[in-house]
Structures are given as C-alpha cells and as structure tokens.
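Single-structure report; data block below.
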Amino acid sequence: MKTLEDLDPLIPRIRELNPDVFMVAGDHSTPAIMAAHSWHPVPFMLHSQLTRGEGVPGFNERACNLGSIGSIPATNIMLLALSHSGKLTKYGP
C-alpha cells in the first residue's frame with residue numbers, strides 16, 4: 001500500500017511522457033478482510049490512447065472491478081497491454 005501511495009503523485013508525470021501503455025498492478029492479492037496474500041483477483045490499471053477512462057474512484061479490488069475490463073484471468077493481462085500498445089496485429093481468434 002505504501003508503494004502505491006508513493007506512486008500516486010508521480011502518475012501525472014509518467015503519463016506526460018506519453019507511453020504507449022501505462023499499467024499498474026500488484027503481484028498478488030491481499031484483501032483487507034484476510035490481511036494476507038490470497039488467491040483473489042489482483043486490481044490493475046491500464047491506460048493507453050485506446051482506453052476510455054471510466055473515472056474509477058480508487059485503486060482497490062472493488063473499484064477496479066467497476067472498470068470496463070472487470071475481472072479477468074491474470075494470463076490475459078499481458079495480451080491487453082500488447083494490444084493497447086499496438087504490438088499485436090490481431091486480437092482474438
């Protein structure tokens with residue numbers, strides 16, 4: 001949590017660099033109710049020229065689930081990042 005709080009004020013400066021994709025994610029879930037690592041979904045933020053920016057109110061499991069991506073398997077996250085950066089010529093079957 002401390003690292004995310006340290007990152008928050010830097011996000012506008014990072015976005016000014018106009019990266020193809022800007023993604024923030026944890027490496028595991030730590031729900032407050034358990035106060036320990038778990039198997040639960042990990043919130044992540046993805047920003048690119050192709051995202052809509054729904055105005056999700058925070059960076060936590062509940063708030064991130066309100067975004068257009070919702071809850072997806074972690075194995076699909078890299079595909080989303082590559083797609084949003086224009087590195088894939090086709091997405092999907």
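Name the helices (runs of 4 or more DSSP H) wholly within segment 1-92 that hold at least 2 residues that are open to solvent by less than 60 Å² (accessible area, probe 1.4 Å)? Step through it out loud before you land on a result.
Details: elements: 2-7, 11-16, 61-65, 77-84.
Fully inside segment 1-92 and qualifying: 11-16, 61-65, 77-84.
Pick out the one residue from 16, 54 that is within 15 Å of the chain's Cα centre (by Cα) and among the acidic types (Asp, Glu). Every option except 54 fails the conditions.
The values are calculated or read from the model by the stated rules, or taken from the named source; none is laboratory data. The structure displayed is predicted, hence computed values, not measured ones. The protein model used for the area step is the full one, side chains on, heavy atoms only, and it has no ligands, DNA or RNA in it. Shrake-Rupley method; radii C 1.70, N 1.55, O 1.52, S 1.80 Å.
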